[in-house]
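The structure appears right after this line, and notes come after that.
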Amino acid sequence: IALTGIEGENVNLTPDVVRIIAASYALWMARKSNKPIGELILGVGHDSRLSAGSLKNGVIDGLLLAGCQVMDCGLCSTPSMFMGIVFKETHFDGSIMITASHLPFNRNGLKFFNQNGGLNSTDIKEILLEAEKLTLPQKSNNRQANKLNLIDFYSRFLRDKIKQGVNSEDYDHPLKGLKIVVDAGNGSGGFFVEQVLKPLGADTVGSQFLNPDGSFPNHIPNPENETAMEAIRKATLDNKADLGIIFDTDVDRAAVVFANGEEVNRNRLIGLIAAILSKYHPHTTIVTDSVTSDHLTEFIEKTLAMKHHRFKRGYKNVINEAIRLNQEGIETHTAIETSGHCAFKENYFQDDGAYLVVKVLIEAAICQNQGKSIETLIEDLKEPKESKEFRMRITAEDFKAYGANVLKSFEEYAAKQPGFYPVANNYEGVRVSFRDEKVTGWMLLRMSLHDPLMPLNIETDTKGGVKVILECLMLFLGKQKQLDITSLI
């Protein structure tokens with residue numbers, strides 16, 4: 001919690017707190033890189049949150065006191081902060097992004113990078129434990145951070161990718177003739193209009209909420225949010241755009257809207273990316289999270305002749321699984337979640353909403369040049385008649401142990417029930433296909449990654465099918481005394 005304003009939520013992330021954490025990160029980086037701390041170059045950036053300025057000052061102060069060189073990158077996207085390590089012109093040793101993604105206005109946090117990408121939980125725990133032991137002077141020394149407009153380098157990188165990918169006769173203006181509207185949700189994604197789309201020739205009239213405003217006055221900047229998706233859908237239709245684009249706050253996630261108003265997020269977005277990849281990497285594997293639909297699997301494996309590897313929720317989980325598969329010799333070119341996190345092998349397996357959109361824009365421009373429509377790429381992807389997620393609270397004190405027992409019992413229950421067909425090789429929770437004389441569908445019962453919750457996802461190809469499956473499940477769920485099932489009733 002970085003700001004007051006919500007009752008019962010006290011500020012616990014202050015400039016003094018991040019000062020110590022940043023210094024600990026700098027010392028950790030020096031140890032891990034075997035480099036004198038005075039030679040370390042670390043970048044600092046932030047999204048549009050209201051607490052960004054004061055926290056940035058604290059972070060920079062901590063890094064300078066630790067003894068490293070600091071580049072103040074100002075307003076940035078999370079992916080650009082990693083690319084600051086990659087770009088030869090900037091060549092950071094590491095970086096810190098100040099962001100809390102799509103969480104409420106009063107939240108904030110730190111995301112750490114090194115040359116391998118975002119740090120894992122073990123590394124972060126080590127940094128925090130060291131921070132608890134660290135003592136810093138109250139006053140900063142006279143050293144200062146250097147200013148760097150990192151988003152300029154990043155925008156040029158994105159523009160070059162589009163030019164190379166489309167390779168049109170008018171090489172410098174590959175998006176000429178396309179009308180594209182962007183909804184940045186008052187986060188840090190407004191640069192995409194002025195520094196990527198317009199220079200490439202796109203008509204961006206009708207783009208909205210491009211100015212950074214951490215109070216998020218228009219809608220939550222979240223491609224999974226219904227209100228946010230309706231906002232970009234309306235803008236796309238009202239402006240007769242060829243494509244609508246929406247980013248989350250720090251631009252590590254995205255979704256799109258087709259000219260006909262079709263929202264392309266969740267399963268549809270994964271299907272679109274798979275269809276694009278199939279042209280360049282036939283038969284490759286696509287790693288997704290656990291809540292993807294059976295229809296998506298059918299589309300990927302039967303229509304596109306690729307492989308669908310359904311794994312766990314959590315963008316780091318799907319990314320690490322894709323990396324593992326490649327190391328085992330299983331060609332895997334993307335890891336993507338229904339949330340809109342997408343990481344490509346060709347882009348260092350970093351989840352990058354702007355890079356995802358670049359892939360879509362390249363295909364949209366190629367389709368336009370060929371007199372085709374990008375919408376046709378997923379016309380064979382079937383949609384369920386009903387799709388619903390329920391979230392049940394666990395009231396047990398040890399919620400993880402209780403949840404594990406519920407899942408074990410459910411697996412045993414499902415194996416004995418008529419119409420229930422447990423799915424093999426499932427990596428998260430218990431997934432069950434359902435078939436009777438009237439209803440076909442599937443269900444997934446799993447644990448939340450962090451909270452005392454058990455989400456239940458149900459999809460069916462029959463109107464009223466969710467209710468039918470729920471009635472069958474109530475025989476089991478009703479007996480779980482420390483599972484609050486009021487959301488199902």
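Only the coordinates and a few stated rules stand behind these numbers; no lab work does. Fair warning: this is a prediction, and the values are worked out from it, not measured in the lab. No Cβ is skipped: glycine too gets one built from the backbone with ideal geometry, and neighbour counts run over all protein chains shown.
Counting only C-alpha contacts under 8 Å and six or more residues apart, can you give the relative contact order of the range 286-384 as a whole percent? Working shown, then result.
Details: 128 pairs, mean separation 25.7, N = 99.
Worked out over the range 286-384, it gives 26 percent.
Taking the dipole about the Cα centre of the range 285-364, with the C-beta of Lys and Arg at +1 and of Asp and Glu at -1, give me whichever of MET306, ASN326, VAL357 is farthest to the positive side.
Among MET306, ASN326, VAL357, the one farthest towards the positive end of the dipole of the range 285-364 is ASN326.
Restricting to the chain, compute how many DSSP beta bridges are antiparallel as a %, nearest 5.
On the way: 42 of 69 bridges.
Taking every DSSP beta bridge with both residues in the chain, the antiparallel ones total about 60 percent.
Charges at C-beta only: +1 for Lys and Arg, -1 for Asp and Glu. How large is the resulting dipole of the chain about its Cα centre, in Debye rounded to 20?
600 debye
Using θ = phi - 60° and the Karplus curve 6.51 cos²θ - 1.76 cosθ + 1.60, what whole-Hz ³J(HN,Hα) does each residue of the range 202-218 get, with Gly and Pro shown as x?
Couplings: 6, 8, 10, 4, x, 5, 9, 6, 7, 6, x, 8, x, 7, 6, x, 9 Hz.
Excluding ALA322 itself, what net charge comes from residues whose Cβ is under 15 Å from its Cβ, given Lys and Arg +1 and Asp and Glu -1? Each step should come with its number before you reach the end.
Working: positive: LYS307, ARG310, LYS312, ARG313, LYS316, ARG324, LYS345; negative: ASP289, GLU321, GLU328, GLU331, GLU337, GLU346, ASP351, ASP352.
Charge balance near ALA322 sits at -1.
Please compute the alpha carbon radius of gyration of the range 386-488, then divide it by the globular-protein estimate 2.2 N^0.38 Å. Two decimals is fine.
Numbers: Rg = 13.0 Å, N = 103, 2.2 N^0.38 = 12.8 Å.
My calculation over the Cα atoms of the range 386-488 gives 1.01.
Listing GLU39, GLU321 from the residue with the fewest other Cβ atoms within 10 Å to the one with the most, what is the order?
Values: GLU39 12, GLU321 20.
Starting with the residue having the fewest Cβ neighbours, the order is GLU39, GLU321.
Of the trypsin sites (Lys or Arg not before Pro) in the range 1-88, which ones lie in a loop per DSSP and count no more than 16 other C-beta atoms within 10 Å? All intermediate terms of the calculation are to be shown ahead of the outcome.
Numbers: sites: ARG19, ARG31, LYS32, ARG49, LYS56, LYS88; in loops: ARG49, LYS88.
Here the trypsin sites (Lys or Arg not before Pro) that fit, given the DSSP loop and packing criteria, are LYS88.
Quick check on my link table: of LYS400/LYS481; LYS302/LYS385; LYS316/LYS416; LYS316/LYS481; LYS163/LYS316; LYS56/LYS161, which ones sit more than 26 Å apart, alpha carbon to alpha carbon?
Values: LYS400/LYS481 15 Å; LYS302/LYS385 21 Å; LYS316/LYS416 35 Å; LYS316/LYS481 33 Å; LYS163/LYS316 30 Å; LYS56/LYS161 31 Å.
From LYS400/LYS481; LYS302/LYS385; LYS316/LYS416; LYS316/LYS481; LYS163/LYS316; LYS56/LYS161, over 26 Å: LYS316/LYS416; LYS316/LYS481; LYS163/LYS316; LYS56/LYS161.
Percent relative contact order of the range 153-378, based on C-alpha pairs within less than 8 angstrom and at least six residues apart? Please list the in-between numbers first.
Values: 476 pairs, mean separation 41.3, N = 226.
The normalised contact order for the range 153-378 reaches 18 percent.
Which trypsin sites (Lys or Arg not before Pro) does the range 350-427 hold that lie in a coil by DSSP with at most 16 other beta carbons within 10 Å?
LYS372, LYS382, LYS385
Return one quarter of the surface area of the convex hull spanned by the alpha-carbon atoms of the range 15-148, equal to its mean projected area, in nm². Don't jump to the answer; show the numbers that get you there.
Details: hull surface 30.5 nm².
Average projection, Cα convex hull of the range 15-148: 7.6 nm².
Can you list the aspartates and glutamates whose alpha carbon is less than 15 Å from that of LYS147, not counting same-chain residues fewer than 8 positions off?
ASP61, ASP72, GLU89
Can you check what the net charge comes to around ILE21, using other residues whose Cβ is under 14 Å from the Cβ of ILE21 (Lys, Arg +1; Asp, Glu -1)? Please list the in-between numbers first.
Numbers: positive: ARG19, LYS56, LYS111, LYS125, LYS133; negative: ASP16, ASP61, ASP123, GLU126, GLU130, GLU132.
Charge balance in the 14 Å sphere: -1.
Please report the relative contact order for the chain, taking Cα pairs under 8 Å with a sequence separation of at least 6, and give it as a percent rounded to a whole number. It would help to have the intermediate numbers written out before the result.
Details: 1028 pairs, mean separation 49.3, N = 489.
In percent, rounded to a whole number, it is 10.
How large is the charge dipole for the range 386-488, taken about the Cα centre, if only the Cβ atoms of Lys, Arg (+1) and Asp, Glu (-1) carry charge, to the nearest 20 debye? Don't skip to the end; give the middle numbers.
Numbers: 14 positive and 14 negative charges, 25 e Å.
Result for the range 386-488 is approximately 120 debye, rounded to the nearest 20.
To the nearest 20 debye, what charge dipole does the range 194-314 have about its Cα centre, counting +1 at the Cβ of each Lys and Arg and -1 at the Cβ of each Asp and Glu?
Numbers: 13 positive and 17 negative charges, 95 e Å.
Here the size comes out at about 460 debye.
If you wrap a convex hull around the alpha carbons of the range 153-378, what volume per residue comes out, as a whole number of Å³? Write out the running numbers ahead of the final one.
Working: hull volume 25.7 nm³, N = 226.
It is 114 Å³ per residue.
Taking amide hydrogens as modeled 1.01 Å from N in the peptide plane, which residues meet the under 5 Å criterion relative to VAL257, leaving out close sequence neighbours?
Correct list: GLY244, ILE245, VAL264.
Any lysines with Cα under 17 Å of the LYS234 Cα? List them, leaving off those in the same chain fewer than 8 positions away.
Within reach: LYS179.
Based only on other Cβ atoms within 10 Å, what is the fewest-to-most ordering of VAL251, VAL264?
Numbers: VAL251 31, VAL264 25.
In increasing order of surrounding Cβ atoms, one gets VAL264, VAL251.
Starting from the range 438-477, pick out the trypsin sites (Lys or Arg not before Pro) whose DSSP state is loop and whose Cβ has at most 16 other Cβ atoms within 10 Å. If you can, show how the numbers build up before the last one.
On the way: sites: LYS438, ARG446, LYS463, LYS467; in loops: LYS438, ARG446, LYS463.
Those satisfying the criteria are LYS438, LYS463.
Compute the signed sum of charges (Lys and Arg +1, Asp and Glu -1) over the other residues within less than 14 Å, Cβ to Cβ, of SER433. If you can, show how the numbers build up before the last one.
Values: positive: ARG310, ARG431, ARG435; negative: ASP294, GLU298, GLU411, ASP436, GLU459, ASP461.
Around SER433, the charge tally is -3.
With 10 angstrom as the radius, rank THR14, THR204, THR288 by how many other C-beta atoms surround their C-beta, starting from the fewest. Present the calculation step by step, with values, prior to reporting the outcome.
Details: THR14 14, THR204 21, THR288 28.
So the ranking, lowest neighbour count to highest, is THR14, THR204, THR288.
Could you point to the label whose value was computed as mean projected area of the Cα convex hull in nm² for the structure here, given [x] 21.5; [y] 33.7; [z] 24.5?
[z]
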